[in-house]
Amino acid sequence: NNMEKVKIDPKEHYYSNIYYYPGFHKAKLIANDSIVKRFRIHITTNGWQPLVRYSVMDNVPVYIKKNNPIIKGALHVNRNDLTSSGVNVDKDFVLSYFNVREFENITSDNFSLETKIVCDSNTNHPCPAFELVIICEENIFFVDLTAKGCEHNIGVKMGEVYHNGTNSDLSAFGRDLYKWQRLQVQVARKQATIYVDDKPVHTITFKNDFGKLMGLDYNFT
């Protein structure tokens, strides 16, 4: 990614940078277009960390100041939490919950994940959407849910295989997000099956090795 490249002075002996988002990052030292060294950088969280960004291109998010976002077993951030943290709730934004750590002995080839989500929005968004991101050592997996009729906007990525709503039938991922939705991702021997409300709705077989699971990221419009 050329936007993330930084030129360094070879006469200097030290260079630092800041990662503002939790996740698993891979920094590379490049000389004459050749990678001479790689660095694994795992930015972990202490439990669940909520944050807000107005655009996916935002370099620096707004961290939500809340001691514990878990209320009665569910992750929750309310309007007062947002405004007191400096979020402009009159603008469109994405609210994310990150939980980044090494999930020991869980590989991207074989795992099972189950979660329940519901939207409780401050705004009347025409196409409310949710994205579950599974952070792995080598890349990410993701599954999107959206309102019925908005499936054109979403996609599903398992391993290196990506399907989007423009050229794939993702109508099963169009749901009433203002009601609880049960989402499951089951991967066995690099075959991923996605279940919505206990019904298998999409299957993807991938080939590449994406390593261990390193984090989760829940995103809500």
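The values are calculated or read from the model by the stated rules, or taken from the named source; none is laboratory data. What you are looking at is a predicted structure, and each value in this text was computed from that prediction instead of being measured. Virtual Cβ from ideal backbone geometry, glycine too; neighbours counted across all protein chains shown. Quick note on the areas: whole protein, heavy atoms, side chains included, nothing else; ligands and nucleic acids left out. Shrake-Rupley method; radii C 1.70, N 1.55, O 1.52, S 1.80 Å.
A few remarks follow.
- Only one entry in Ile18, Ile35, Ile30 is of a type in the set (Val, Ile, Thr) and in contact with a Leu (Cβ under 8 Å, 6 or more places away or on another chain), namely Ile35.
- Identity of the residue in segment 165-176, modelled with pLDDT of 95 or more and surrounded by 15 or more Cβ atoms within 10 Å (Cβ to Cβ), that ends up farthest from Lys116 (Cα to Cα): Leu170
- Meets criteria (closer than 20 Å to Gly47 by Cβ, in contact with a strand residue (DSSP E or B) (Cβ under 9 Å, 6 or more places away or on another chain) and surrounded by 15 or more Cβ atoms within 10 Å (Cβ to Cβ)) for Ile154: no
- Residue pairs whose Cβ atoms lie under 7 Å apart, sitting 6 or more positions apart in sequence or on different chains, and linking a residue in segment 60-71 that is within 14 Å of Trp48 (Cβ to Cβ) to a partner that is modelled with pLDDT of 90 or more and open to solvent by 30 Å² or more (accessible area, probe 1.4 Å), are Lys65/Ser84; Pro69/Trp48; Pro69/Leu75; Pro69/His76; Ile70/Trp48.
- Residues of segment 44-53 satisfying the condition of being touching a residue at least 24 places away in the same chain (Cβ under 8 Å) and either assigned to a loop (DSSP other than H, G, I, E, B) or surrounded by fewer than 17 Cβ atoms within 10 Å (Cβ to Cβ) (or both): Thr44, Thr45, Gly47, Trp48
- Criterion (open to solvent by less than 20 Å² (accessible area, probe 1.4 Å), among the charged types (D, E, K, R), in contact with an Asp or Glu (Cβ under 6 Å, 6 or more places away or on another chain) and part of a strand (DSSP E or B)) met by exactly one of Asp144, Asp217: Asp144
- Taking the criterion of being in contact (Cβ under 8 Å) with a residue 24 or more places away in the chain and open to solvent by 10 Å² or more (accessible area, probe 1.4 Å), the residues of segment 188-198 that qualify are Ala188, Arg189, Lys190.
- Options Val77, Val36, Val6, Val56; residue that is under 18 Å from Leu216 (Cβ atoms), of a type in the set (A, V, I, L, M) and loosely packed, with under 11 Cβ neighbours inside 10 Å: Val56
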